[in-house]
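The values are calculated or read from the model by the stated rules, or taken from the named source; none is laboratory data. Note that the coordinates shown come from a computational prediction; the quantities given were computed from them, not determined experimentally. FYI the Cβ positions are ideal-geometry reconstructions off the backbone, even for glycines, and counts take in every protein chain you see. Please note that ligands, DNA and RNA were not included when accessible areas were found on the heavy atoms of the full protein model with its side chains. Shrake-Rupley method; radii C 1.70, N 1.55, O 1.52, S 1.80 Å.
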Amino acid sequence: RSKIGEMKKENILFFAYCMSKWDYQFVCALSGQPFNQGEAFEYLAKKMGVKVNTIKNYRDTFDSHVEQMRSNRQGWKKELNDDFRVVKEKFDSYSEDQLVAIGKELIRGEQ
């Protein structure tokens, strides 16, 4: 199993948080592409250089802790570890537009 660098993990957690809160439409807004959910995960996984399931699993971890705006997924019922909690607390007050702008910058930095 490969280790994900700390900065990269924080970015992946950011996208997983956004996918939990705003669902796959967040990635559509970010990319300007009309993705379905599977395509949105594939897009992020490719951009971040990780497996699709990494992002899905992280999203599932956030699901029971995040106010979901476009879905009502239950996710996993477990406590957030510090890495997840920091991301949630940092971005809970941001609007979707603010998060999309941050996401665009992160994606640009990955290229």
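When a 1.4 Å probe is rolled over the protein heavy atoms, the share of accessible surface on the chain that falls to carbon and sulfur comes to 46 percent. For segment 13-111, the equivalent ellipsoid derived from the alpha-carbon gyration tensor has semi-axes of 19, 14, 14 Å in decreasing order.
Computed with a 1.4 Å probe over protein heavy atoms only, the accessible surface of the chain comes to 58 Å² per residue.
In loop segments of segment 10-52 as defined by DSSP, the trypsin sites (Lys or Arg not before Pro) with at most 15 further C-beta atoms inside 10 Å of their C-beta are 51.
Hey, if we sort 73, 59 by accessible area with the 1.4 Å probe, largest down, what's the order?
73, 59
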